Every structure is written in C-alpha cells, then in structure tokens.
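Notes to accompany the following structure.
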Amino acid sequence: MSLLLRKTRSLQVCFQRHMSVVASVLRFNEFGDPPKVVKLEKETLPEPSSGEVLIRTLYAPINPADINTIQGKYPVKPPFPAVGGNECVAEVVAVGDQVSRLAVGDHVVTFATGLGTWRTHAVYSQVNLMKVPKTVGLAEAATLTVNPCTAYRMLKDFVPLKTGDSVIQNGANSACGQAIIQLCRAWGVGCVGVVRDRPDFGKLRDYLKNLGAAEIITEEELRTTKIFKDGIFKKPKLALNCVGGKNALEVSRHLDNGGIMVTYGGMSREPVTASTASLIFKDLKYCGFWMTRWTKKNSQSVKRTEMFDELFGLIEKKALVAPAHELIAFEDYEKALKNALDIQGFIGKKYLFKF
C-alpha cells in the first residue's frame, strides 16, 4: 500500500471515529394504511464497526411489495419497529475496519431484502451491499434488484429461449413488464404484451413498442387475436402472468404445446385457472416465481453475479432503462405514499424518493 493511500485510509478512520450521523427514517409500528402508520423519525447511527459501511441514500423506490408489507398483506412480516423499503442506490460515506470490497465514494445497492431502505443514512454489513458502476444511472440502479432481476430470472429459468422465439405477458405496462420487454428485445425474443383497454391505448402501445415490444394488444383483442394462429409470431412456450383471473386464462390459451405459465403477481386478486383440455392435451405447466425466495437460495451463487454483470452491461448500452418514474423529495413521503396507492396514468409510474 502506498504512503498516500495509507494516509488517506488513516484520515478516513480518524474521521469515522469522531463523527455522529443523525439519520431520518420512515418507520412504522403497526400494519395499516401507509400514509397513516408511516412516520418520519430521527435516529443516531453508530460508527461503522469491522466489516460495516456507512452509506448516504441517493434514491429509493416505492414498490407494490413495500406498500403491501406496510398494509400487512405481504407474506413477509417484519418485526416492529420496521423501516420501509427494499431497494435503493447510495454513496459510501465511511467504512470500518476489514472492509475490502468498498471504498468511500462508491455507489452501491442493497444486496439483501428486508434492510429497510427508506432512510437518509444507514450502517450495513459490506456483504449486504453491491458496488454499482457509476456509468449506471441512479434511477436504473435504484430500481435494479427487484423488477429487472425478476424479469431476467423468469426469462432464463423456465424455458430455454432462443432468437426468434416468442413470449406473451400480461401487465405489460408494469415496471416488471417494461423490463421483460427490454430484455426480450436485447435477446432477440419477440414479446407480445397484453394491457387493459383505455382511452390512451394508442399512446401506451407506442411507448411499449418503442421499448421493444413486438406487439401490444388489449385484453379484448386477446380473446380474438390470430397473430399466433396465422404465424405472425411463433406460438409462445412461455407466458408471464401478474394479473390472474380470466386474463391469465385467455393468455394461457395462446401457449404452444408443453408451454409454461409463470405467475409472479395477482393484480386482479382472482385465482389462476386452467382448462382441463390445456392440462391433458396441451400438457401446459403452471409455476410461481418469487424473487425474494430465489435471492435467498442464490445469495452467493455464480448465477447471481452473472445476472448482475449482464444487467449492468445492458444498462450501460442503454438497452435497459428505468421504468417510467417520478422523483419525490424524501420529506414529501406522505404525498409519495398516497400517490403510490392511487396510481394514475397509462404506465402506472414508479415513485422514487430523492434524498
């Protein structure tokens, strides 16, 4: 280690041992309506100890799962008091001893779930953080670990897709749907998206096709379309479902023999149903996917490293961009939570806290 590097490290350690950071956090002590139960509170953070890192949050998104968790509707129930949020991008402010992976000034994202990211500062173990190239935009980094990863794994792990194949998905205008469209485009796979009909459908269709969708149709058009039967697109072997109910049933009818439907959400709050004929004569299969479960099983796997490397590469090439979003000041958290509960517009934009 050079003399200059040793002096810099010594100054960082000296600075750490004499600083006190008071963080603002969004905490809840009971389940309920997010704008009512979430409160802005202060907490004094300890100095980062061995293997720990002090970070300053830059952006943190509000995901549907975050809202469901506060409402008490999500399968994971955090112990109280709890801090909201599962994703963020942050800057390293200080490091403790035995920290080798990260340095002051690095950009990082949380590498584990349940850390509570709606806070201005935090002290985390270095193993729970992942360095992000500064060539990756803040909005892309902040929204990286949930939706793009969910899209990536569903496209990679259930059907061996190749160039020229087709995928069909509902909820194509969701944040995950937008990631699915862009990954399919990057890999030469045709993605047919299904959305609810609306007055501005043409605008929405153009937006999603500009992202890379092969075709966008409404739920009504889904029932009568012949784009697969007439050979305009290959019959899909993979369907991705975040809606459920009749919508999912109609999507499954377009699957090729031996196709798989992967369910990762249930926006309609209706069960997924399958026709008897599709099970017997078409040999369709129905699976579920939960990114949290995959992450727990693969926290240190090579597959996870390879996934992030490829996603970073796509982002740097502008082949994968953040979903439609709006930045809201952290202090305006009540407005942000209310907006997240009452999503307006044809995209259903994501709200990101800006610190």
Discussion item. What pairs come out if I take residues in the stretch 241-262 that are more than 15 Å from Lys285 (Cβ to Cβ) and pair them with residues that are part of a helix (DSSP H, G or I) and open to solvent by less than 10 Å² (accessible area, probe 1.4 Å) whose C-beta lies under 7 Å away, six or more apart or interchain?
Written reply: Cys242/Cys176; Glu250/Leu222
Worksheet item: Counting only residues that are under 14 Å from Val83 (Cβ atoms) and in contact (Cβ under 8 Å) with a residue 40 or more places away in the chain, which one in the stretch 32-42 is nearest to the chain's Cα centre (by Cα)?
Response: Pro34
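Condition check ((1) closer than 23 Å to Ala112 by Cα; (2) modelled with pLDDT under 95; (3) in contact with a Pro (Cβ under 7 Å, 6 or more places away or on another chain); (4) open to solvent by 30 Å² or more (accessible area, probe 1.4 Å)) across all residues:
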| position | (1), (2), (3), (4) |
| --- | --- |
| Thr8 | no, yes, no, yes |
| Leu11 | no, yes, no, yes |
| Thr44 | yes, no, no, yes |
| Leu54 | yes, no, yes, no |
Discussion item. For the list (1) in contact with a Lys or Arg (Cβ under 8 Å, 6 or more places away or on another chain); (2) crowded, with 18+ Cβ neighbours inside 10 Å, I need the number of the one condition that Tyr333 fails.
Written reply: (1)
Worksheet entry | Scan of the stretch 247-300 for residues that are closer than 14 Å to Val159 by Cα and among the acidic types (Asp, Glu), ordered by number | Asp256
Item to complete: Please note which strands (runs of 3 or more DSSP E) are completely contained in the stretch 97-141 and include at least 3 residues that are open to solvent by 20 Å² or more (accessible area, probe 1.4 Å) and either at pLDDT below 95 or touching a helix residue (DSSP H, G or I) at 6+ places or on another chain (Cβ under 8 Å) (or both).
Response: none
Discussion item. Exactly one of these conditions fails for Met267: (1) of a type outside the set (Lys, Arg); (2) without any contact (Cβ under 8 Å) to a residue 40 or more places away in the chain; (3) open to solvent by 90 Å² or more (accessible area, probe 1.4 Å). Give me its number.
Written reply: (2)
Worksheet item: If you scan the stretch 254-291, which residues turn out to be hydroxyl-bearing (Ser, Thr, Tyr) and assigned to a loop (DSSP other than H, G, I, E, B)?
Response: Tyr264, Ser268, Thr273, Ser275
Discussion item. Against the definition (modelled with pLDDT of 95 or more and either surrounded by fewer than 18 Cβ atoms within 10 Å (Cβ to Cβ) or in a loop (DSSP other than H, G, I, E, B) (or both)), how does Thr150 come out, yes or no?
Written reply: no
Worksheet, complete the sentence: Restricting attention to the stretch 59-85, the residues that are in a loop (DSSP other than H, G, I, E, B) and either open to solvent by less than 50 Å² (accessible area, probe 1.4 Å) or of a type in the set (Phe, Trp, Tyr) (or both) number exactly 7
Worksheet entry | Subset tally (residues that are in a helix (DSSP H, G or I) and open to solvent by 20 Å² or more (accessible area, probe 1.4 Å)) for the stretch 212-246 | 4
Worksheet entry | Flag if Phe201 is open to solvent by less than 50 Å² (accessible area, probe 1.4 Å) and either touching a residue at least 12 places away in the same chain (Cβ under 8 Å) or over 23 Å from Asp66 (Cβ atoms) (or both) | yes
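The values are calculated or read from the model by the stated rules, or taken from the named source; none is laboratory data. Please read these numbers as outputs of a predicted model, since none were measured by experiment. Note that each Cβ is placed from the backbone with ideal geometry, even for glycine, and that neighbours are counted across all protein chains shown. In case anyone asks, the SASA skips ligands and DNA or RNA and just uses the protein heavy atoms, side chains included. Shrake-Rupley method; radii C 1.70, N 1.55, O 1.52, S 1.80 Å.
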